[in-house]
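This report refers to the structure that appears directly beneath it.
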Amino acid sequence: MASSEAEAEAAAGPEVVLPISAQKHDPAWKHCMMVRSAGRVRLKCIYCQKHFLGGGIHRFKEHLARRPGNACCCLNVPREVQETMLNSLNAVAAKKKRKQSLADDIRRITHPAATSAPQVDAVVAEMESPIHMIPLNEVLDLGSMPLEERPPETREMKGVTSNKRKKKMAVRHASTPLAHQNQQPLLSTRPAPQTQPFNQAVMALEPATTQGRHFDPTSSNKDQVYMAIGKFLYDAGVPLEAVNSVYFQPMLEAVASAGWRPEAFSYHDFRGCILKKSLEEVTAQLEFYKGSWTRTGCTLLADEWTTDKGRTLINLSVYCPEGTMFLKSVNATDIVVSPDALYELLKNAVEEVGEKNVIQVITNNSEIHAVAGRRLGETFPTLFWSPCTFQCIDEMLEGFSKVRAINEIICNAKAITGFIYNNALAFNLMKRHLHGKDLLVPAETRAAMNFVTLKNMYNLKEALQSMVSSDEWMHHLLPKKPGVIEVSNLVGSLQFWSSCAAVVRITEPLMHLLKLVSSNKRPSMGYVYAGLYQAKAAIKKELVRKSDYMTYWDIIDWRWDKHVPRPLHLAGFFLNPLFFDGVRGDVSNEIFSGMLDCIERLVSDVKIQDKIQKELNIYRSEAAGDFRRQMAIRARRTLPPAEWWYTYGGACPNLTRLAVRILSQTCSAKGYDRRHISFEEIHDQRMNLFERQRMHHLTFVQYNLRLQHR
């Protein structure tokens with residue numbers, strides 16, 4: 001090739017120097033000229049004047065680096081230029097090697113079935129266990145959509161883009177305003193609570209004299225109501241989501257049913273007598289909760305969080321199946337750095353609630369909290385300290401997202417959402433092709449949002465592919481916007497979507513478990529151990545090879561067993577009839593030891609301990625009582641575990657009391673919505689004593705009202 005280039009150079013004739021585009025960033029472009037000679041564009045070395053007809057800048061770089069093989073070596077290149085080109089070539093080779101290694105990792109995730117059919121069958125058979133016969137999404141009625149199922153909108157879109165794309169879609173200019181142009185991707189916004197529509201709520205303000213007559217929705221009365229409420233919200237700076245409060249509709253109905261023209265209460269009424277009456281009502285409701293503590297036990301929750309000003313607060317609450325009761329908020333900025341100070345805070349809270357009522361204390365998962373928790377268990381031998389399960393599972397998902405293969409898939413998904421949400425035309429195209437749906441799905445944590453958004457993108461795959469193949473995308477975005485080619489290639493990549501599907505299958509059991517422990521639908525103590533087993537089984541089934549799935553198993557084990565064993569979760573699994581029935585004859589030593597630990601710790605009377613031991617044998621063998629009834633067998637799937645024991649555990653009264661106290665507990669200390677509640681102001685030392693006490697009462701009422709309607 002060198003000889004042919006030399007001959008071509010001799011016969012080239014006059015040369016025309018062409019400008020080099022500013023977009024060419026390779027360092028080799030600084031050491032060559034682009035010339036047109038004999039009707040062809042060539043690269044010309046500025047040191048030896050040789051011409052290059054093909055091979056591009058990479059071949060010319062090898063010429064300057066004096067690397068033999070694809071090009072002749074430049075004899076006149078300076079040594080520092082030669083070293084620079086060598087380093088550049090080595091960097092390109094290393095990047096290709098990393099990319100190939102990453103592709104191999106992704107291939108192992110997306111195509112793990114490289115093993116023979118008998119090996120796969122053996123793995124599936126090994127994971128066939130009764131523990132995972134009931135998916136956790138069925139327990140909570142989460143309505144999970146299978147990966148193979150697509151929403152009706154996407155099935156319709158499939159028909160639009162079929163017929164081998166012989167006909168392109170007609171060009172339609174976006175009619176929606178170019179809003180959201182500066183909307184940032186991957187920002188989680190909490191959805192507003194669902195309540196009655198605002199216009200239905202306003203109907204309650206119809207004057208009593210018009211009731212029974214047709215209310216004209218276009219009448220001036222309705223407009224006046226809208227305007228009056230709106231002006232109040234705007235002038236007072238009340239957050240507009242206040243109209244979604246569960247108390248908004250009752251307020252309007254109370255005003256409408258008064259039958260007289262109510263006079264506005266004063267500012268002092270709301271901070272005085274009305275606040276006092278509200279405090280009395282909330283306290284009366286909480287006394288009802290306290291009445292159940294002796295029967296079901298309770299969990300002391302220490303919800304630790306950081307304010308916008310950097311102050312660390314701990315909200316102390318008490319959970320029982322009847323509801324959650326907020327006790328107080330503590331400024332813990334100086335407490336959380338000392339195990340001794342944290343121990344004293346928790347010890348005083350346990351004494352306030354009552355040692356005999358508290359089954360467990362849940363805090364954060366740090367080492368300082370673990371030290372304080374172990375010391376608390378030594379002081380109160382009838383309760384357990386437990387780290388927050390919600391935080392543990394979220395840390396597992398965060399660890400998954402840092403695995404190289406999964407991280408690459410998440411970064412690719414962020415590239416798609418980032419481009420669409422930061423480009424007005426792309427955003428409007430997405431809304432049109434997705435029929436108003438969003439790609440981003442809000443979630444309570446960053447890791448959870450990454451995986452739930454990834455699943456949502458997979459379910460909308462066909463609509464996205466239709467979008468990037470539309471005329472508007474091709475003609476108005478593709479030639480003009482940087483990054484659009486990368487997005488188009490990703491959306492059209494089969495490997496990207498198969499990788500998304502694999503990641504969803506790996507993480508979905510943990511996502512269901514995260515939702516279960518944060519839900520207030522039923523106590524979660526009897527489900528966590530089985531949920532983690534199901535998560536491991538799903539990972540093993542997907543990845544097959546031990547060298548692949550052990551990476552994820554190690555993350556789960558390290559986050560779960562980081563501080564202490566968890567006998568409450570083991571006992572919860574043992575006492576949950578839904579799962580125990582599948583392992584009745586093969587209970588592991590770990591599970592049964594956890595059950596015995598709970599008996600010894602939660603039951604102080606040794607005579608009752610012995611009775612429970614005998615009743616355990618009845619439960620394990622179903623030898624007596626109502627355990628063998630067909631109603632009891634069917635109710636394993638429908639009744640919460642504690643209620644099942646109340647109904648069918650009459651033959652084992654002592655074991656039933658213990659089972660109810662264990663299965664009635666929660667596993668998460670995660671707090672509820674704290675927006676627009678002045679937690680930080682109650683710790684302002686500049687307030688006088690009377691004003692601080694009033695702020696304590698106001699915060700107590702506000703947060704407990706939210707917890708009651710959680």
Problem set entry | Every pair of residues 6+ apart whose Cβ atoms lie under 9 Å, when the first sits in segment 588-608 and is closer than 16 Å to Phe573 by Cβ while the second is open to solvent by 60 Å² or more (accessible area, probe 1.4 Å) | Glu590/Pro565; Ser593/Pro565; Gly594/Pro565; Leu596/Gln613; Asp597/Pro565; Ile599/Gln613
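Each row is one residue, and each column tells you yes or no for (1) outside any helix (DSSP H, G or I); (2) surrounded by 21 or more Cβ atoms within 10 Å (Cβ to Cβ); (3) under 34 Å from the mean Cα position of the chain (by Cα).
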site: Phe580; (1), (2), (3): no, yes, yes
site: Gln613; (1), (2), (3): no, no, no
site: Arg620; (1), (2), (3): no, no, no
site: Asp626; (1), (2), (3): no, no, no
site: Arg634; (1), (2), (3): no, no, yes
site: Thr647; (1), (2), (3): no, no, no
site: Leu658; (1), (2), (3): no, yes, yes
Problem set entry | Condition broken by Ile359, with the remaining ones in (1) surrounded by fewer than 18 Cβ atoms within 10 Å (Cβ to Cβ); (2) assigned to a strand (DSSP E or B); (3) aliphatic (A, V, I, L, M) satisfied | (1)
Problem set entry | Leu510 of a type in the set (A, V, I, L, M), farther than 19 Å from Thr638 by Cα and touching a strand residue (DSSP E or B) at 6+ places or on another chain (Cβ under 9 Å) | no
Seminar exercise, completed: Within segment 679-695, residues surrounded by fewer than 13 Cβ atoms within 10 Å (Cβ to Cβ) and either in contact with a strand residue (DSSP E or B) (Cβ under 7 Å, 6 or more places away or on another chain) or in contact (Cβ under 8 Å) with a residue 24 or more places away in the chain (or both) come out as none
Seminar exercise, completed: Taking first residues from segment 289-311 that are on the phi > 0 side of the Ramachandran plot and second residues anywhere that are part of a strand (DSSP E or B) and among the aliphatic types (A, V, I, L, M), the pairs with Cβ under 7 Å that are 6 or more apart or on different chains are Gly297/Ile359
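Taking segment 416-452, which residues are of a type in the set (Ser, Thr, Tyr) and part of a helix (DSSP H, G or I)?
Residues of segment 416-452 that are of a type in the set (Ser, Thr, Tyr), as a first pass: 417, 421, 445.
Scanning segment 416-452 gives Thr417, Tyr421.
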Exercise. Would a scan of segment 454-461 turn up a residue that is more than 18 Å from Val503 (Cα to Cα), open to solvent by 10 Å² or more (accessible area, probe 1.4 Å), assigned to a helix (DSSP H, G or I) and touching a residue at least 12 places away in the same chain (Cβ under 8 Å)?
Worked result: no
Exercise. Within segment 559-573, is even one residue more than 25 Å from the chain's Cα centre (by Cα), over 17 Å from Thr656 (Cα atoms) and buried (at least 21 other Cβ atoms within 10 Å of the Cβ)?
Worked result: yes
Exercise. Of all the residues that make up segment 475-495, how many are in contact (Cβ under 8 Å) with a residue 24 or more places away in the chain and open to solvent by 10 Å² or more (accessible area, probe 1.4 Å)?
Worked result: 8
For this session: Mind listing whichever residues of segment 1-38 are outside any loop (DSSP other than H, G, I, E, B), modelled with pLDDT of 65 or more, open to solvent by 90 Å² or more (accessible area, probe 1.4 Å) and over 27 Å from Arg79 (Cα atoms)?
Result: Arg36
For this session: Using the structure shown, decide if Phe326 is surrounded by 22 or more Cβ atoms within 10 Å (Cβ to Cβ) and either part of a helix (DSSP H, G or I) or on the phi > 0 side of the Ramachandran plot (or both).
Result: no
Exercise. Which condition does Met511 not pass, out of (1) touching a Lys or Arg at 6+ places or on another chain (Cβ under 9 Å); (2) touching a residue at least 24 places away in the same chain (Cβ under 8 Å); (3) not in a helix (DSSP H, G or I), if it passes all the others?
Worked result: (3)
For this session: Could you list, in sequence order, all residues of segment 223-250 that are at pLDDT below 70 and of a type outside the set (Phe, Trp, Tyr)?
Result: Lys231, Leu233, Asp235, Ala236, Gly237
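The values are calculated or read from the model by the stated rules, or taken from the named source; none is laboratory data. The model shown is predicted, which means the values in this text are computed figures rather than measured ones. As a convention, Cβ positions derive from the backbone with ideal geometry for all residues, glycine included, and neighbour counts pool all protein chains shown. SASA here: full protein model, heavy atoms, side chains in, ligands and nucleic acids out. Shrake-Rupley method; radii C 1.70, N 1.55, O 1.52, S 1.80 Å.
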